[in-house]
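**Student:** Here it is, the structure, as C-alpha cells.
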Amino acid sequence: MRARAKDCYPAVFNFGDSNSDTGGLVAGVAFPVGPPNGQTYFQKPSGRFCDGRLIIDFLMDAMDRPFLSPYLDSVGAPNFQKGCNFAAGGSTILPANAASVCPFSFGIQVAQFLRFKDRVLKLLAKDEKFQKYLPLEDYFKQGLYMFDVGQNDIDGAFNSKSEDQVIASIPTILSEFEAGIKVRLYTEGARNFWFHNTGPLGCLPRIIATFGKDPSKLDQLGCVDSHNRAANVFNSQLHDLCTKFQGQFPDASVTFVDVFSIKMNLISNFAQYGFKQPLAACCGYGGPPLNFDNRIACGQTKILNGSRVTGIPCNNTAEYVNWDGVHYTEAANRYVSDQILAGNYSNQSPLSETFVIKVE
C-alpha cells in the first residue's frame with residue numbers, strides 16, 4: 001500500500017554517466033553490456049552496469065514512477081510520458097575526445113534534451129494522442145532535473161596528470177557544467193534541480209588495482225588517497241556552485257545530495273549493513289583481495305597466459321558493495337537510495353516528503 005506525502009514531480013529528466021545509465025550507451029554505440037549484468041533483478045542484461053537496479057531506479061520507484069527509458073533507445077516503444085534518461089556510461093562533463101568510449105558528454109546530453117523537448121512540443125501540438133506517451137508541456141517546468149556526472153572527468157585525468165594537475169582542472173570542468181545548467185536548462189524553463197556529488201573514486205577496485213600498488217598511497221580502509229582527495233575537492237566546488245546557483249535564481253529548487261559520504265559510510269561500516277566485501281569486486285577475475293584484473297572484464301572470456309579464463313560473478317551479490325570493479329551492486333545501490341530518501345545527507349531533509357512513502 002502506498003501513501004503520497006505530497007504531489008510528486010510529473011516527470012524526471014536525468015543526466016549522467018554509468019551510475020545512472022539505464023541503457024543509453026548500449027543503444028547509442030552498441031556497447032556490450034551482456035550477462036551476468038542484470039541477473040539479480042531483471043534476469044537478463046538491461047543496459048545497466050550492475051547486477052540489478054541502480055540508485056535512479058530505486059528513486060523512481062519511490063516516486064511511484066516507471067523506470068526511465070533511455071533517450072537513445074527507440075526500440076520497444078519506450079514511454080517518455082513520465083520522463084527521459086539522457087545518461088550514458090563513460091560520459092564526462094567536458095567534451096569527449098577521440099579516445100573516449102562514450103561521445104555523449106554532458107553538453108551533448110543537454111543538446112539531446114533540447115531536441116527532445118522541441119520534438120515533443122511539436123508532436124503534442126500536432127495530435128493529442130501523443131499525450132499517452134510524451135510529457136505534457138507543463139511537465140518540463142514542473143519536472144525534476146537530476147544530475148550525477150563528473151566521476152569520469154576525474155578518473156580520466158589521473159591517467160595523464162598528477163594529483164595537483166587534476167585538482168587544478170576541476171574549476172574548468174565545473175565551469176562547463178555550470179554553463180549547461182544555467183545557460184541552457186534554466187533558460188529553457190527547468191526549475192527543480194537535483195545534484196548527486198561524486199563517490200569515493202579511490203575505493204573502486206579498478207582504481208586500487210591500478211594506482212594502489214604502493215601501500216603508502218592507500219588510506220586506512222585500503223582506498224587510494226589521491227583519488228578520494230580529488231573527489232572531495234570536486235564535491236566541495238560542486239556544492240559551492242549549487243549554493244551560488246540557488247542564490248542567483250531564488251525561483252529554482254536546488255537539492256544537493258552527498259553521495260560521497262553515504263558510500264564512504266557504507267564502505268567503512270560494511271558489516272553493520274550486512275555486507276562482507278567492501279572493496280572486492282563481486283564479478284571479476286583474480287581472487288582476493290580485489291578480484292579484479294584489468295585484462296578480464298565481468299562476463300568476458302579471454303585466453304590469459306595460455307589458459308581460458310572468465311570474469312564470473314560471486315555466489316551472493318548482496319554480500320558485496322562493488323559489482324564489477326567500477327560499479328556498485330544492486331544491494332549497495334539500495335542502501336545508498338535508502339539513505340538519500342532519509343534525507344540525512346542532503347540540504348533538504350527529509351527527502352521522503354518529496355516522494356511516495358511506502359506503507360507496509
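**Student:** Where does the chain land at 222 nm, in deg cm²/dmol rounded to the nearest 500, when only DSSP H runs of n ≥ 4 count, each adding -39500 (n - 2.57), divided by all residues?
**Tutor:** Here the helix-only value at 222 nm equals -10000 deg cm²/dmol.
**Student:** So what is the relative contact order of segment 1-140, in percent, for Cα pairs below 8 Å that sit 6 or more residues apart?
**Tutor:** Working: 228 pairs, mean separation 36.5, N = 140.
That works out to 26 percent.
**Student:** Run the numbers on segment 209-323 and let me know its relative contact order in percent, using alpha-carbon pairs under 8 Å that are six or more apart.
**Tutor:** Over segment 209-323, the number comes to 19 percent.
**Student:** Which distance in nm do the two modelled labels at R119 and V183 give, with both placed 7 Å along the Cα-to-Cβ direction?
**Tutor:** It is 2.5 nm.
**Student:** Between S226, S346, S100, find the one with the highest GNM mean-square fluctuation for the chain; connect C-alpha pairs within less than 10 Å.
**Tutor:** S100
**Student:** So which of K217/K244; K117/K263; K161/K302; K82/K126 end up more than 25 Å apart, counting from Cα to Cα?
**Tutor:** On the way: K217/K244 34 Å; K117/K263 34 Å; K161/K302 31 Å; K82/K126 20 Å.
The pairs that break the limit, which is 25 Å between Cα atoms, are K217/K244; K117/K263; K161/K302.
**Student:** Then there is this: Please work out how much length the chain gains when fully extended from T172 to D64, using 0.36 nm per residue of separation minus the C-alpha to C-alpha distance, in nm with one decimal. Please report the intermediate quantities before stating the final value.
**Tutor:** Working: separation 108, 0.36 × 108 = 38.88 nm, distance 3.73 nm.
Residue separation times 0.36 nm, minus the Cα-Cα distance, leaves 35.2 nm.
**Student:** Using a simple spin-label model with points 7 Å from Cα along the Cα→Cβ vector, what separation in nm is obtained for Q272 and S160?
**Tutor:** Going from the Q272 label point to the S160 one covers 4.2 nm.
**Student:** What stretch of the chain, leaving out the sites themselves, is the longest with no trypsin sites (Lys or Arg not before Pro) in a DSSP loop having at most 16 other Cβ atoms within 10 Å?
**Tutor:** The segment 7-160 is the longest one with no such site.
**Student:** In the Gaussian network model of the chain, springs joining C-alpha atoms below 10 Å, which of D51, D155, D324 carries the largest mean-square fluctuation?
**Tutor:** Looking only at D51, D155, D324, the biggest GNM fluctuation is shown by D155.
**Student:** Which cysteines in the chain lack any other cysteine whose Cβ sits under 4.7 Å from their own Cβ?
**Tutor:** C8, C50, C84, C102, C242
**Student:** If neighbour count is taken as other Cβ atoms inside 10 Å, put T40, T210 in order from fewest to most.
**Tutor:** Arranged by neighbour count, lowest to highest, T40, T210 become T210, T40.
**Student:** Could you tell me the calculated FRET efficiency between N294 and D251, based on Cβ-Cβ distance and R0 = 41 angstrom, to the nearest 0.05?
**Tutor:** It comes out at approximately 0.30.
**Student:** At 0.36 nm per residue, and after removing the present C-alpha to C-alpha distance, how many nm does the segment from V309 to S216 gain when stretched out fully?
**Tutor:** Computed gain between V309 and S216 is 30.3 nm.
**Student:** So, one more: Return a whole-number percent for the relative contact order of the chain, with Cα pairs under 8 Å and 6 or more residues apart as the contact set.
**Tutor:** Values: 700 pairs, mean separation 71.8, N = 360.
Across the chain, relative contact order equals 20 percent.
**Student:** While we're here: In whole angstrom, how far apart do the alpha carbon centroids of segment 92-120 and segment 251-323 sit?
**Tutor:** That distance is 28 Å.
Quick note: the coordinates plus some simple rules give every number you see, no bench work behind them. All values derive from a computational prediction rather than experimental measurement. We place every Cβ from the backbone using ideal geometry, glycine too, and count neighbours over all the protein chains shown.
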